[in-house]
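The values are calculated or read from the model by the stated rules, or taken from the named source; none is laboratory data. Here the structure is a predicted model, which means the values were calculated and not measured. Positions of Cβ are generated from backbone atoms using ideal geometry, with glycine treated the same way; all protein chains shown enter the neighbour counts. Ligands, DNA and RNA are stripped out before the accessible areas are found, and what is left, the full protein with its side chains, is counted by its heavy atoms. Shrake-Rupley method; radii C 1.70, N 1.55, O 1.52, S 1.80 Å.
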Amino acid sequence: MLEVSHLHKQFGDLTAINDISFKLVPGEILGFLGPNGAGKSTTMKVITGFLAPSSGTVTVWGCDVATDPLGAQKHLGYLPEGAPLYEEMTPRTFLAFIAEVRGITGAESADRIRSVVSTMSLEAVLDQRIETLSKGFKRRVGLAQAILHDPDVLILDEPTDGLDPVQKHHVREMIQGLSKDKIVIISTHILEEVTAVCSRAIIIAGGSVLADCTPDELESRSRYHLATTIRFSGEEQLNTHRDALSTLEDVSGTDVSASSVELTLFPGETEGSSQRVAQQAVEYLRGHDADVTGIFQERGRLDEVFREITGLEVRH
Amino acid sequence: MNGVSVILKRELLSYFATPLAYVFIFIFLVLSGVFTFYLGNFFEREQADLTPFFSFHPWLYLFLVPAISMRLWSEERKTGTIELLMTLPVSRIDAVLGKFLAAWLFAGFALLLTFPLWITVNYLGDPDNGVIFTSYLGSFLMAGGFLAIGSCMSALTRSQVIAFIGCGIVCLLFVLAGFQMVTGLLRDWLPLFLVDTIASLSFLMHFSAVSRGVVGLADLVYFLSMIGVWLAATVVVLEIKQAD
Ligand SMILES: Nc1ncnc2c1ncn2[C@@H]1O[C@H](COP(=O)(O)OP(=O)(O)OP(=O)(O)O)[C@@H](O)[C@H]1O
Ligand SMILES: [Mg+2]
């Protein structure tokens, strides 16, 4: 269990966290979203006991971080922002140090290190000084360090920043593959990551929680949620059919994509209208022999929801 | 205690992972030699003892100890590893102790490497090895006091340069407090008991007492409490401004 209640953090005049509360149970993977400076990293620093909150409490697996930081930190694995590491060490000596600090010794230590080295594919750089590693490899050493003791609560600040696509995929698999009795918090600026791995998303801005729901619910807040998008073979095809399509029953609005070949039909508010829009559009296109290369129903566009919720939406 | 020893080990290894350790030891040994043989008139005195060697130690430490201690915490702040360290299940006290002990052991190791001087005086004459031993002990304790001050200065800032200068200045004050010129000056201005109190806080007074061959309880208590107080101050500083 991880409980954050009424957290505030003040840096002088600046309020970095303003009354954040949430509760996570084992099995939950929380995605922390928010614009730069929203307070994501600060919240993570408070949860891990690095920063003392101005007020509010954090409880990790029954340990109050303020009164029993060491107890809480035993349950925690943490990748700080930017993955700071002891640069003069090698991944091998560094991981051995972390194991030792965490009281893992002997055969168990060797086992755990071997396991995280293979999870993070670090075999090739084990004996290279960390300062000479590429950014992505440094991040992977930081991740290996965080999961070394198989923690109950894993807190990762932008874990996939700087990773190549294959490694990104690996890390997401690693997070999803954690057993169901763990709690994970990741912060990220990659929205698709949230739909890919998280069971819950919290959007914060200016230190306050603006949304707390599942990624699916987040998608359903999108204007594009269940809208029908038609891709025409060319711009003139789109222009020919646009007016007719936009006057179909239940269509409440249309939008043309930047590439000018995609037309989106937004359904109205009434029950079942998204389905009717899709069906009517298909019938119309068949009936009029339109030159269409694709037609699909949107899930919802997270980037748009994100901009809207955080108030960064640029109205067009 | 596990925390202290693990951190101590990591720190010691990291000294020798960079050229810093070797450069430091080299400079320390060269300066020890220069001070002893040239400035200390080692041969001209025609006495088989290490008095000239040890009498320069407070001054030598003034700029060599800050060079060791400056990186203790400033570097962690600068690179952000302090966030890693302080979120591992290690208490602040253990971390402070582990780092300090590593630096102290390192200084002790450098001190040990001056053994050729000891061999030389024993070859040239018949020195009082008891005195030499207590002088080494006194010098080691003094290095510990300097390092504890340096640890606190280093915890205050993310800049190693500022940590170096801060440590140098504070240590200088604690050395000068017992310097005869300074106590003489102070006597004109302050009541005697105050001058004595200030002088009794001086590294110089206690070090010269020990290097005469007598390890008094007062001197031992002085050095150890100096170390204790400054390490406690380090813990407090880290607690107050851990994240800055
Ligand atoms: N030590 C500090 N002293 C003063 N202000 C700070 C400190 N640390 C963070 N802040 C401020 O707190 C706010 C939140 O910062 P935080 O690092 O939590 O943002 P973030 O959500 O992680 O942003 P990003 O996406 O850029 O990583 C920012 O305005 C930042 O300037
Ligand atoms: Mg951040």
task = Enumerate the amide H contacts of A:F11 below 5 Å, restricted to partners 5 or more residues apart or on another chain; note that Pro and chain-start residues carry no placed amide H.
result = A:A16
note = FRET efficiency (B:V23, A:R92; Cβ distance; R0 25 Å; to 0.05) is 0.45
task = With springs only between Cα atoms under 10 Å apart, run a GNM on chain A and tell me which of A:S115, A:S179, A:S257 wobbles the most.
result = A:S257
Choice from B:M153, B:M142, B:M86 with maximal GNM fluctuation in chain B (Cα, 10 Å cutoff) = B:M86
task = Using label points projected 7 Å from each Cα along Cα→Cβ, tell me how many nm separate A:S208 and B:S5, to one decimal.
result = 5.3 nm
request  = Could you work out the relative contact order of chain B, using alpha carbon pairs under 8 angstrom and six or more residues apart, expressed as a whole percent?
outcome  = 27 percent
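Given the pairs A:K40/A:K138; A:K23/A:K138; A:K74/A:K135, which span a C-alpha to C-alpha distance of over 25 angstrom in this model?
On the way: A:K40/A:K138 21 Å; A:K23/A:K138 31 Å; A:K74/A:K135 27 Å.
Pairs exceeding 25 Å: A:K23/A:K138; A:K74/A:K135.
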task = For the protein assembly as shown, just the Cα atoms, rotate onto the principal axes and tell me the three extents in Å, largest first.
result = 117, 53, 44
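Hey, what did segment A:2-220 get for relative contact order, percent, Cα under 8 Å, at least 6 apart?
Working: 417 pairs, mean separation 64.5, N = 219.
RCO, segment A:2-220: 29 percent.
Am I reading the A/B interface right? What is its buried accessible area, both sides, 1.4 Å probe, to the nearest 100 Å²?
On the way: alone 15170 and 12270 Å², together 25140 Å².
In total, this chain pair buries about 2300 Å².
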ask   = Under a point spin-label approximation (7 Å from Cα along Cα-to-Cβ), what is the A:Q10-A:E269 distance to one decimal in nm?
value = 4.3 nm
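Got the relative contact order for segment B:25-154 handy, in percent, Cα pairs under 8 Å and 6 or more residues apart?
Values: 87 pairs, mean separation 57.2, N = 130.
It rounds to 44 percent for segment B:25-154.
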remark   = Rounded to whole angstroms and listed largest first, the alpha-carbon spread of segment A:2-220 along its three principal axes comes to 44, 40, 34
inquiry  = Show me, for segment A:66-80, the HN-Hα J-couplings you get by feeding each phi into the Karplus relation (A = 6.51, B = -1.76, C = 1.60, θ = phi - 60°), rounded to Hz, glycine and proline as x.
reply    = 6, 9, 9, x, 5, x, 5, 5, 5, 8, 9, x, 9, 10, x
remark   = Going residue by residue through segment A:144-151, the Karplus relation 6.51 cos²θ - 1.76 cosθ + 1.60 with θ = phi - 60° gives ³J(HN,Hα) values, rounded to whole Hz and with x marking Gly or Pro, of 4, 4, 6, 9, 4, 9, 6, x
query = For chain B, what class follows from the C-alpha gyration tensor (a ≥ b ≥ c being the square roots of its eigenvalues): rounded when a/c is under 1.5, otherwise prolate if a/b is larger than b/c, else oblate?
reply = oblate
key: Largest-first ordering by accessible area, 1.4 Å probe, given options B:W59, B:W104   = B:W59, B:W104
